[in-house]
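Read through the structure below, which is laid out as structure tokens, and then see the notes.
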Amino acid sequence: MSTPETVLSVNDLRVRFRTLDGVVEAVKGINLKVGAGETVAIVGESGSGKSQTMMAAMRLLASNGEATGSVDYRGRNLLTLSKSGLNEVRGRKITMIFQEPMTSLDPLYTIGNQLIEPIQRHRKLGAAAAREEALKLLKLVKIPDPERRMKSYPYEMSGGQRQRVMIAMALANDPDILIADEPTTALDVTIQAQILTLLAELQQKLGMAIVFITHDLGIVRRFADRVYVMRQGEVVEEGVTEAVFSKPTHPYTKMLLSAEPTGRKAPPAPNAPILLQGRDVEVVFKIGGGFLAGDPMLLRAVDRINIALRKGQTIGIVGESGSGKSTLGRALLRLLGSEGSIRFENRDISKADKGDMRPLRRELQLVFQDPFGSLSPRMTVGQIITEGLLVHEPSLSAKQRDARACEALEEVGLDPIMRNRYPHEFSGGQRQRIAIARAMILKPKVVVLDEPTSALDRSVQKQIVELLRKLQKDHDLSYLFISHDLAVVRAMADYLIVMKQGKIVEEGMTDAIFDNPREEYTQTLMAAAMDPTKFRLSA
Amino acid sequence: MTDVTAAPTPAAAKAVVGRSLWGDAWARLKANKAAMISLYYLVFMAVICVVGPYFVPHLYTTIYPDYVRTAPSFSPYPRAETIETSLGDAVKRMRVDIKEWHQEGDRVFVTVTSSKKVDERNVRYLERSDAFDNVTIDSTSPDGLEMVMSASVKQQYFLFGTDNVGRDLLSRTLMAGRISLAIGLLAGIVAVVIGVIYGATAGFIGGKTDEIMMRIVDVLYSLPFIFFVIMLVVFFGRNFILMFLAVGAVLWLDMARIVRGQALSIRRQEYVQAAEAMGVSTRGIVRRHVIPNLLGPVVIYMTLLVPQVILLESFLSFLGLGVQEPMTSWGVLISAGAKNIGTANWLLLFPAFFLVSTLFALNFIGDGLRDALDPKDR
Amino acid sequence: MLLYVLRRLLTAIPTLFVIVTLAFFLMRVAPGGPFNQERGLSPEIRANLEAQFGLGDPLWLQYVNYLNNLLHGNFGPSYNLPDFTVTELFAAGLPISAQLGASALILALLLGSMLGIIAALNQNKVGDYTVIAIATAGSTIPTFVIAPVIQLVFGLTWHLLPIGGWGDGALLNKIGPILTLALPQMAIVARLMRGSMIESLRSHHIRTARAMGLSDWSVVVKHALRGAVLPIVSFAGPAAAALLTGSVIVETIFSIPGVGRYFVEAALNRDYTLVMGTVVVIAIFTILFNLIVDIMYAVVDPRVRYD
């Protein structure tokens, strides 16, 4: 591979933040280089400083942040450039797109207005010419009906479309470098694939360098020529992508590469009893309506679904946001009102009220996606874990409860001496372990796991998946595993349900569906998530 | 950082004590200089208002007719140049004439004459004067028409000066502070109690009940606030305890809205859903999850409510609707000060300083608490 | 939009009705009456006066009569200022109060916003702390302290301004009252603006605007300020209603013949018609300005639609 001219070089960059708890160093003296037309990935987990590196380069740090070192763009140090000099480069030579497509556009101005502004500013074009230019850009990023979209406001567009507009804006002035900060993380997997394809096409057409900031190794492998691996503010490994992937040298890189959950779950015996069964389960939400506001709109979130969970089985439910998978999980636990019949251990619970359900609650547990929101911030971990015991085993003494808390914490791999600490003193993965301990202490039979790994870093995900599998084996549990992450589902579930808009699109044994998806929607999902060659770029 | 911290310790007997959010907040508050200085200042203010009046040598009700509108000063009264006038006034009341007077040390000797026999009881006029005490009759002429009296000059300090009728402003300001702070606390507590109960009920029951309860609050909001207060004054007369309980009962509206909003948002939190999924009863959820998480906003709002109440009390007293003479409050004093601004500006400046500095301190504490309990805002 | 305004005005009628009813009966169950205070009155004269004003009628009839008069735009005579009708009193006083209030509001909004923006742009620096200090002072020092201090400093010591009086609307006479009215509002506006501007400057679309190399002016004024102005708009509605209907404190201390004084006096004297008139006027102002706020919201924020 020929070495292209270096357009951006980051030298001994340090980023510090003044916080209430003192100065925190987020980036600890790193060096990076970006060649013309090259795709460079900066990969790392949350807190690695990968985003702050590029924020510092663009002088976009929060007001309590401070950067030292140098960031040279064709001989100009961006960190010391005057404001007007900086704005000659930003938006013109180096541009950036962000992780949050929903909020990155100004909600108060039309798409057209926001596209035209940087064009006029940097190219000194007249209003009409700039408008023409903006329209061309919208066509370039394949926004349907661009004339009409010029007059639209961001709130009238979907996340994927907004991200296209962001890309159009970033490419408006034919930049040298496009920095893409997790541009697809907040999007559904099929939309992710479309945006990545678009970026790849545009790079081939326009020839700019792309700096890709991501936690997703799949994207790096498909997309990047070279890669920098960051960890806790330092670059631990760098090199040509293929070399790093095939022969990682740093243990952290090795760990990251092996972080993909592996293994398969064997199905339970065919004669295993059915524990939880739903027939024609239907959940309808009313939207709007009320006093003087007319009839409410009806949203059928779960549309006549049949499901049967056997003892020891894990059913994976996959689907994109809004497919109704979480609603179904909650309805089956009777945390939401629903139509149709729900039976638990051959008992009809679809009409059971709160009081009837209370003794059953210990058998039917739930683990949430967000390990930050699901733990009460003002209770100690011990109190959180044992709250269920107060309800279901009220005869226990405080001492016995404490002992049970220690047992439960050990079972999920946490040190019991931490039981008097508060949730905010733990990391995301530890918190999810606490949430699992809270469910397990009651010795349930069925656990609904609602995206339990989605908020976690990949390496932590793997640990949680392994923990869940171990607990299932030890206690013969049945899981309903709700996720949008196909890799995790494949490692967890023996049976798979694919949902879309409240309906089941396809279901069957996990391996059968992965190997041979029948429905088009399933195929798209699989392709977007799994096929590493589809978006491969330059050699 | 690895998440696996598997520990083989057998049911560990000892546990590390964590730092709760309250502990964090307290540490942050302690680091906030403005808030801490304000806190000390407020404690200081409360102490001098409660204890101070016992140490000031004047009662807040005592009237010194000789010292009407005396300017504040570190040196004692009466002044050398005013001794003669005070003496003249007292002697005039005896209906006798001054023949001669002189001062030796702190005693004043006066010789009076009259066409009639000078009555010995006349000394009481000197005694009554605010400038003198320890009056003795030193000698009487044989015919009784002339008498020499002597008296000590009574030294009095009026550090803050005196008011329109000659009452010591220092003792009045401290006394007023007692009343103002007490009312602020009392009415503040009333408002918080009503607001929390109402708001929490609405927020927790939700649905139609919530809608109706909040509509009532909206209607009460749309009535002019001062109308309410005046109606309360009309109803309760000028009994200030009752009235300020009533004032507290008016100020609960904001509290109710805040608490309702918080209760609604806490109910939607996943940790409450988690508790519901474990079958925890409504009571358990309210006790273990809702109340502890509501406490923060309530404490913040309470510290911001107390200055509001003090301000309202001053406002009413300023209008003559609040605390009645001879009882006093900062509002009463400021009102009097504003009316005498041309002749005796200290009547405005001292109480105004006390009131404003206290309100400042309370505001800084409130802001500090908010930053400490809710650090996201910074 | 027009339809929305019409609908809002229509729904204001029941609100107004509830307020009038509540105020009417609250006022009437209070002990005392309009002619009890005037001690010189013989019982016959008092009875005569009460009959003249219909105070002897059953309460419900008085209520119906009052509503009827109100519908015809007639607020009735003032009991304690017998030479004037309530309408006349308002015609004379409201323009004065409204003029002072409006000037104070405009001053407060302009100055307060400016201070708030300065503070937000210099967050946690000297400029910020200065503004916070000013704002804290403005919102803690009560008007009944500010007003006499202004009199003391500008009137008695420096002889720049008259101590009080309306002076037939001379500019110098207005300065004191306007400053007094504006200062606390300015403090609130500055605080609100600082907070919402900081939040706005932190938002993702501002980061986008900066990353696109837009000028500071465009970033701050076009993108950040427009979003930050909404809390100020919702504050300005009720504030306008309160300021334009006069302030008892300011009008008493500066001897301004506005309508702010009427409320307290009238309530204490049981001048029923004048109290009711004031309540109605304040309520109308409140409803009107709340409507204006909602319209402004739709103007600033395209996501707000009323159809």
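The values are calculated or read from the model by the stated rules, or taken from the named source; none is laboratory data. In this text, all values refer to a predicted model and were calculated from it rather than measured experimentally. Cβ: placed from backbone, ideal geometry, glycine included. Neighbour counts: every protein chain shown. Calculation scope for accessible area: heavy atoms of the full protein, side chains included, ligands and nucleic acids excluded. Shrake-Rupley method; radii C 1.70, N 1.55, O 1.52, S 1.80 Å.
Residues in segment B:339-364 that are free of Cβ contacts under 8 Å to residues at least 40 places away in the same chain and surrounded by 23 or more Cβ atoms within 10 Å (Cβ to Cβ): B:LEU348, B:ALA352. So, A:SER82, is that one without any contact (Cβ under 8 Å) to a residue 24 or more places away in the chain, of a type in the set (S, T, N, Q) and within 14 Å of another protein chain (Cβ to nearest Cβ) or not? Judged against the criteria, A:SER82 is a match. Restricted to helices (runs of 4 or more DSSP H) entirely inside segment C:177-281, those with at least 2 residues that are at pLDDT below 90 and of a type in the set (D, E, K, R) are C:260-268.
Let's see how each residue does on (1) surrounded by fewer than 23 Cβ atoms within 10 Å (Cβ to Cβ); (2) modelled with pLDDT under 90:
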site: A:VAL302; (1), (2): no, no
site: A:ILE307; (1), (2): yes, no
site: A:GLY322; (1), (2): yes, yes
site: A:GLY329; (1), (2): yes, no
site: A:LEU336; (1), (2): yes, yes
site: A:ASP353; (1), (2): yes, yes
site: A:LEU360; (1), (2): yes, no
site: A:GLN383; (1), (2): yes, no
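Within segment C:3-21, the set of residues being open to solvent by 70 Å² or more (accessible area, probe 1.4 Å) and hydrophobic (A, V, I, L, M, F, W, C) comprises C:LEU3, C:LEU6, C:LEU9, C:LEU10, C:ILE13, C:PHE17. For the condition open to solvent by 10 Å² or more (accessible area, probe 1.4 Å), within 28 Å of the chain's Cα centre (by Cα) and either within 11 Å of another protein chain (Cβ to nearest Cβ) or at pLDDT 95 or above (or both), A:GLN52 does not qualify.
Within segment A:393-423, if we keep just the residues that are more than 7 Å from every other protein chain (Cβ to nearest Cβ), part of a helix (DSSP H, G or I) and open to solvent by less than 40 Å² (accessible area, probe 1.4 Å), the residue that is farthest from A:PRO444 (Cα to Cα) turns out to be A:PRO423.
Each residue in segment A:338-351 was checked for being under 11 Å from A:VAL283 (Cβ atoms), surrounded by fewer than 23 Cβ atoms within 10 Å (Cβ to Cβ) and free of Cβ contacts under 8 Å to residues at least 60 places away in the same chain, and 1 pass. Residue check: is C:VAL220 open to solvent by less than 40 Å² (accessible area, probe 1.4 Å), within 14 Å of chain A (Cβ to nearest Cβ) and under 18 Å from the mean Cα position of the chain (by Cα)? Judged against the criteria, C:VAL220 is not a match. Taking the numbered list (1) away from chain A (no Cβ under 14 Å); (2) open to solvent by less than 40 Å² (accessible area, probe 1.4 Å); (3) closer than 26 Å to B:LEU42 by Cα in turn, B:GLY296 passes all entries but (1). B:ARG172 satisfies every condition listed in (1) in a loop (DSSP other than H, G, I, E, B); (2) surrounded by 22 or more Cβ atoms within 10 Å (Cβ to Cβ) except (1). The residue that is least open to solvent (accessible area, probe 1.4 Å), counting only those in segment C:88-113 that are free of Cβ contacts under 8 Å to residues at least 12 places away in the same chain and over 17 Å from C:PHE254 (Cβ atoms), is C:ALA91. Here A:MET58 fulfils each of the conditions (1) open to solvent by 30 Å² or more (accessible area, probe 1.4 Å); (2) under 26 Å from the mean Cα position of the chain (by Cα); (3) modelled with pLDDT of 90 or more; (4) farther than 19 Å from A:ARG231 by Cα apart from (1).
Considered as a group, the residues in segment B:88-112 that are part of a strand (DSSP E or B) and more than 17 Å from B:VAL135 (Cα to Cα) include one that is nearest to the chain's Cα centre (by Cα), and that residue is B:ASP97.
Across segment A:89-125, which residue is nearest to A:MET54 (Cα to Cα) among those that are open to solvent by 60 Å² or more (accessible area, probe 1.4 Å) and within 7 Å of chain C (Cβ to nearest Cβ)? Across segment A:89-125, the extreme among qualifying residues is A:ARG92. When C:ILE198, C:ILE206, C:ILE163 are checked against the criterion of being farther than 30 Å from A:MET54 by Cβ and hydrophobic (A, V, I, L, M, F, W, C), a single residue qualifies: C:ILE163.
Rundown of residues vs (1) away from chain A (no Cβ under 14 Å); (2) under 18 Å from B:GLY188 (Cβ atoms); (3) modelled with pLDDT of 85 or more; (4) surrounded by fewer than 18 Cβ atoms within 10 Å (Cβ to Cβ), yes/no style:
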| residue | (1), (2), (3), (4) |
| --- | --- |
| B:ILE241 | yes, yes, no, yes |
| B:VAL250 | yes, yes, no, no |
| B:ARG257 | yes, yes, yes, no |
| B:ARG260 | yes, no, yes, no |
| B:SER281 | no, no, yes, yes |
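Contact annotation: residue pairs with Cβ atoms under 9 Å, 6 or more positions apart or on different chains, pairing a residue in segment C:11-25 that is more than 11 Å from chain B (Cβ to nearest Cβ) with a partner that is in a helix (DSSP H, G or I) and surrounded by 18 or more Cβ atoms within 10 Å (Cβ to Cβ), are C:PHE24/C:TYR66; C:PHE24/C:TYR272; C:PHE24/C:MET276; C:PHE24/C:VAL279.
Inclusion of C:LEU67 among residues that are surrounded by 13 or more Cβ atoms within 10 Å (Cβ to Cβ) and more than 28 Å from C:ILE256 (Cβ to Cβ) is warranted. Here the condition is being within 14 Å of chain C (Cβ to nearest Cβ) and open to solvent by 50 Å² or more (accessible area, probe 1.4 Å); of B:ILE197, B:ILE216, B:ILE230, B:ILE226, it holds for B:ILE216 alone. Looking only at residues of segment C:131-172 that are part of a helix (DSSP H, G or I), at the interface with chain B (Cβ under 8 Å from one of its Cβ atoms) and β-branched (Val, Ile, Thr), we find that the one that is nearest to B:ALA336 (Cα to Cα) is C:VAL145.
Filtering segment A:316-371 to residues that are more than 11 Å from every other protein chain (Cβ to nearest Cβ), part of a loop (DSSP other than H, G, I, E, B) and not hydroxyl-bearing (Ser, Thr, Tyr) leaves A:GLY319, A:GLU320, A:GLY322, A:GLY324, A:GLY337, A:GLU345, A:ASN346, A:ILE349, A:LYS351, A:ALA352, A:ASP353. Of all residues in segment C:173-212, those satisfying the criterion of being open to solvent by less than 10 Å² (accessible area, probe 1.4 Å), within 12 Å of chain A (Cβ to nearest Cβ) and either in contact with an Asp or Glu (Cβ under 7 Å, 6 or more places away or on another chain) or in contact (Cβ under 8 Å) with a residue 12 or more places away in the chain (or both) are C:ILE206, C:ALA209. Checking each residue in segment C:268-307 for being open to solvent by less than 50 Å² (accessible area, probe 1.4 Å), facing another protein chain (nearest Cβ under 10 Å) and free of Cβ contacts under 8 Å to residues at least 24 places away in the same chain picks out C:LEU268, C:PRO302. It is to be established whether one or more residues within segment A:424-433 are touching a strand residue (DSSP E or B) at 6+ places or on another chain (Cβ under 9 Å) and part of a loop (DSSP other than H, G, I, E, B). Looking through segment A:424-433, none of the residues is touching a strand residue (DSSP E or B) at 6+ places or on another chain (Cβ under 9 Å) and part of a loop (DSSP other than H, G, I, E, B).
Restricting attention to segment B:127-159 and to residues that are touching a Leu at 6+ places or on another chain (Cβ under 8 Å) and not in a loop (DSSP other than H, G, I, E, B), the residue that is farthest from B:PRO76 (Cα to Cα) turns out to be B:MET149.
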